[in-house]
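**Q** First the structure, then my questions, so here it is.
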Amino acid sequence: MQETSMQNVINLKLSVWDLEEKQISWVLLRKKMEISRLPKLGEKIKVVTYPTGFDRVFAYRDYWVYDEKEDALAKASSTWTLLNTASRKLQRIPQEMLDLELPPVAFRLPLPNTKLSLPGNFPENYHYQIRHFDLDWNNHVNNVVLSKLMLQGTPDEIHQNRILKNYTFHIKNECYLGEDVRVEMNMNSGHIHHRILGHDDRVVAFGKTEWI
């Protein structure tokens with residue numbers, strides 16, 4: 001999904017390289033994914049993505065994953081924003097982006113929830129130090145890495161015996177090279193809450209996974 005969205009913004013001439021002279025770059029804020037079936041090793045899949053809307057400082061993007069029979073394997077909605085690479089603050093969406101042609105409302109997925117309730121405690125945790133290849137062109141930890149860190153804390157028993165069906169995560173703050181983060185979990189019968197804290201205990205990201 002990440003790679004397909006990159007190819008899409010390159011085609012739209014809205015990639016990080018197109019926006020570099022304006023000192024702005026895309027960052028992911030929220031994503032909600034529903035999985036119908038995981039692809040098998042060697043299976044050919046098709047990933048489709050497109051922008052679905054803009055709202056002041058927010059941009060919305062949907063994803064669909066299909067097998068060779070055109071059956072949907074997964075779908076996801078996401079919320080992005082523009083980061084000013086000099087001030088590290090959010091930037092308003094430029095007018096040329098607001099003027100993009102968008103798909104009809106009927107083809108848009110519901111937006112990810114702006115709020116995700118969290119439990120009061122996270123009894124399970126592990127530590128990880130951010131390394132060079134965890135960073136992206138914004139010089140902070142990439143959202144794919146944050147997602148992997150949350151999922152890697154899930155016990156092997158769950159990975160081996162259960163299937164991930166729904167995955168929602170929110171990114172709250174940047175995380176940088178050399179930072180020691182704590183990945184926390186609160187496990188229940190059907191779902192797990194995840195949270196990543198920076199070295200100063202600020203919340204970097206959090207999420208919820210549901211397994212069957």
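The values are calculated or read from the model by the stated rules, or taken from the named source; none is laboratory data. The structure presented is a predicted model; accordingly, all values stated were derived computationally and were not measured. Heads up, the Cβs are rebuilt from the backbone with ideal geometry, glycines too, and the neighbour counts pull from every protein chain shown.
**Q** Could you tell me which numbered condition Gly178 fails, if it satisfies all but one of (1) on the phi < 0 side of the Ramachandran plot; (2) at pLDDT 95 or above?
**A** (1)
**Q** Residues of the range 170-182 being of a type outside the set (Phe, Trp, Tyr) and under 27 Å from Phe58 (Cβ atoms), which ones?
**A** His170, Ile171, Lys172, Asn173, Glu174, Cys175, Glu179, Val181
**Q** I'd like to know if the range 116-136 contains one or more residues that are at pLDDT below 95, in the same structural domain as Gly153 (by TED's automatic domain parsing) and closer than 21 Å to Ser15 by Cα.
**A** Looking through the range 116-136, at least one residue is at pLDDT below 95, in the same structural domain as Gly153 (by TED's automatic domain parsing) and closer than 21 Å to Ser15 by Cα.
**Q** To continue, here is another question. For residues that are within 21 Å of Pro104 (Cα to Cα) and of a type in the set (S, T, N, Q), tally how many sit in the range 49-85.
**A** Number satisfying all stated conditions: 5.
For (1) over 25 Å from Glu3 (Cβ atoms); (2) out of contact with any Pro (no Cβ under 9 Å at 6 or more places or on another chain); (3) modelled with pLDDT under 95; (4) surrounded by fewer than 18 Cβ atoms within 10 Å (Cβ to Cβ), each residue gets a yes or a no:
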| position | (1), (2), (3), (4) |
| --- | --- |
| Met33 | no, yes, no, no |
| Thr52 | no, no, no, no |
| Arg61 | no, no, no, no |
| Asp67 | no, no, no, yes |
| Ala72 | no, yes, no, yes |
| Leu90 | no, yes, yes, yes |
| Asp99 | yes, yes, yes, yes |
| Pro104 | yes, yes, yes, yes |
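**Q** Might you let me know whether the range 121-128 holds any residue that is among the hydrophobic types (A, V, I, L, M, F, W, C), buried (at least 17 other Cβ atoms within 10 Å of the Cβ) and farther than 20 Å from Leu28 by Cβ?
**A** yes
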